[in-house]
Amino acid sequence: LQTKLPAVGTTIFTVMSALATEKGAVNLGQGFPDFDCDPKLLQAVGDAMARGLNQYPPMTGVPALREAVAAKIEAMYGRKYDPAAEITITAGATQAIITAILAIVRPGDEVIVLEPCYDSYVPNIDLAGGVVVRVPLQPGTFRPDFDKIAAALTPRTRAILVNSPHNPSATVWSAGDMRKLEELLAPTDVFVISDEVYEHMVFDGEPHQSVARFPGLAARSVIVSSFGKTYHVTGWKVGYVAAPAPVTAEFRKVHQFNVFTVNTPMQHGLAAYMASPEPYLQLPAFYQRKRDLFRAGLAATRLKLLPSEGSYFQCVEISGVSDLPEAEFCQWLTSEIGVAAIPLSAFYASGFDQRVVRFCFAKKDETLRTALDRLAKL
Ligand code: PMP
Ligand code: GLN
């Protein structure tokens, strides 16, 4: 069989979750909460189902949800998106990203990805027939290197994927970073696909720097977000895209033949729940407390803590406790210590091993404490 994705196997998240289950390990690998969402959100979805809102919604998403998203973006980032022409509800960020790439990238177009990057980006570009141009984030700090990005731009560059807060490194782009990207792209027609799924998880009082705040970026950007992350419902697979009307029109051409539309009652439930901004306004404090609890425990081990500025991830350097390569270390940690983690090498095409692994702290305090008790043996 001629395969379109010869290099692709089962994702590291699936592999590590299966191993965690098999070994009875605390799963700090795959990124998802082990606690439930607000019962009010469940009630809102249940109400929608009971009201008979169970048939196809409009192709672009339930209007009330598109309006709620537009209102949120305007309140948070000061930019108005037209809910009718510029917001589309998607089956999670995963579908949003592949649909954006299929809509924008033509065969032979170059697309810049900043490595390490989320594992779906490169296969998505491959499926679109694009040429992946990998630019490393700065070693050690995972900061964007604008000289390297500038050097990677060519007349064939069609798009760049950016992701802040960043999975896996938990770094966050500053306003200065965003302005540099804006300046760099100003003389070009390059699109930005901005993966902002962790937009409501930025710590230490810093604001999230959405591309929506920067006019020169917003005009060329497809913003992707996910209700799964924001409302602790990763299994619902509902997200959205915000993009200027002409880009949205192209996005929707692909979306309608990709999924056509997204489950109805969840959309109505989310729309009703979004009437209050409290849940997402409280999210930074909610996750910062968990980050701090987890970091305080890790500080007592020989794992070296890297900064966690945003997202629900914490990376650690492992050379103080093991000589194993990252991937083998994660297998060993899961099997022998009973805590699952994700090797950063999984986010690099080359499998680059820098002795760093990622933990997810979107867990009940008791789960984090159990994991820390086990990690204390290292
Ligand atoms: N982008 C990034 C950076 C992510 O971490 C994730 C979730 N792990 C996604 C996209 C996919 O989000 P969703 O579950 O909404 O499809
Ligand atoms: N985004 C999650 C992570 O980085 C996992 C998503 C998935 O399992 N594909 O862990």
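The values are calculated or read from the model by the stated rules, or taken from the named source; none is laboratory data. Note that the structure is predicted; figures quoted are calculated from it, not measured. With ideal geometry, Cβ positions are generated from the backbone for all residues, glycine too; neighbour counts draw on all protein chains shown.
When you scan segment 122-136, how many residues do you find that are in contact (Cβ under 8 Å) with a residue 60 or more places away in the chain, within 28 Å of residue 238 (Cβ to Cβ) and either in contact with a Lys or Arg (Cβ under 7 Å, 6 or more places away or on another chain) or not aliphatic (A, V, I, L, M) (or both)? Residues meeting the conditions: 3. Here residue 295 clears all of (1) closer than 30 Å to residue 113 by Cβ; (2) basic (Lys, Arg); (3) out of contact with any Leu (no Cβ under 8 Å at 6 or more places or on another chain) except the condition numbered (3). Evaluate the following for residue 77: is it surrounded by fewer than 24 Cβ atoms within 10 Å (Cβ to Cβ) and touching a strand residue (DSSP E or B) at 6+ places or on another chain (Cβ under 8 Å)? Considered against the rule, which asks whether it is surrounded by fewer than 24 Cβ atoms within 10 Å (Cβ to Cβ) and touching a strand residue (DSSP E or B) at 6+ places or on another chain (Cβ under 8 Å), residue 77 comes out as no. Which residue is surrounded by the fewest Cβ atoms within 10 Å (Cβ to Cβ), if the candidates are limited to segment 156-196 and must be β-branched (Val, Ile, Thr) and more than 16 Å from ligand 1 (Cβ to nearest atom)? Step by step, filter segment 156-196, then rank; the result is 188.
Annotation: of all residues in segment 8-19 being under 22 Å from the mean Cα position of the chain (by Cα) and farther than 16 Å from residue 347 by Cα, the one that is nearest to ligand 2 (Cβ to nearest atom) is 17.
Kindly provide the set of residues from segment 294-316 that are farther than 30 Å from residue 231 by Cα and either crowded, with 17+ Cβ neighbours inside 10 Å or within 16 Å of ligand 1 (Cβ to nearest atom) (or both), ordered by number.
Pass one, segment 294-316, residues farther than 30 Å from residue 231 by Cα: 300-304.
Result: 303, single match.
Determine, yes or no, whether residue 251 is farther than 27 Å from residue 211 by Cα, aromatic (Phe, Trp, Tyr) and touching a residue at least 24 places away in the same chain (Cβ under 8 Å).
In short, no.
For segment 333-349, the criterion of being over 18 Å from residue 171 (Cβ atoms), at pLDDT below 95 and in the same structural domain as residue 371 (by TED's automatic domain parsing) is satisfied by at least one residue.
Of the numbered criteria (1) in contact (Cβ under 8 Å) with a residue 12 or more places away in the chain; (2) assigned to a helix (DSSP H, G or I); (3) closer than 30 Å to residue 358 by Cβ; (4) charged (D, E, K, R), the one residue 22 fails is (1).
Has segment 126-141 got at least one residue that is of a type in the set (Asp, Glu) and under 20 Å from the mean Cα position of the chain (by Cα)? Scanning segment 126-141, I find at least one residue that is of a type in the set (Asp, Glu) and under 20 Å from the mean Cα position of the chain (by Cα), so the answer is yes. Residues in segment 21-48 that are over 18 Å from the mean Cα position of the chain (by Cα) and within 16 Å of ligand 1 (Cβ to nearest atom): 27, 37, 41. For segment 327-352, the tally of residues that are within 16 Å of ligand 1 (Cβ to nearest atom) and assigned to a helix (DSSP H, G or I) stands at 3. Looking across 63, 107, 83, one residue alone is without any contact (Cβ under 8 Å) to a residue 24 or more places away in the chain and crowded, with 18+ Cβ neighbours inside 10 Å. It is 83.
Okay, residues lined up against (1) under 29 Å from residue 372 (Cα atoms); (2) within 16 Å of ligand 2 (Cβ to nearest atom); (3) not assigned by TED's automatic domain parsing to the domain that holds residue 133:
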| residue | (1), (2), (3) |
| --- | --- |
| 25 | yes, yes, yes |
| 47 | no, no, no |
| 63 | no, no, no |
| 77 | no, no, no |
| 80 | no, no, no |
| 94 | no, yes, no |
| 112 | no, no, no |
| 119 | yes, yes, no |
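Residue 350 falls short on exactly one of the conditions (1) touching a residue at least 40 places away in the same chain (Cβ under 8 Å); (2) surrounded by fewer than 16 Cβ atoms within 10 Å (Cβ to Cβ), and that condition is (1).
Taking the conditions (1) within 16 Å of ligand 2 (Cβ to nearest atom); (2) touching a strand residue (DSSP E or B) at 6+ places or on another chain (Cβ under 9 Å) in turn, residue 5 satisfies each one other than (2). Is it true that residue 319 is more than 16 Å from ligand 2 (Cβ to nearest atom), in contact (Cβ under 8 Å) with a residue 12 or more places away in the chain and outside any helix (DSSP H, G or I)? Yes, satisfied.
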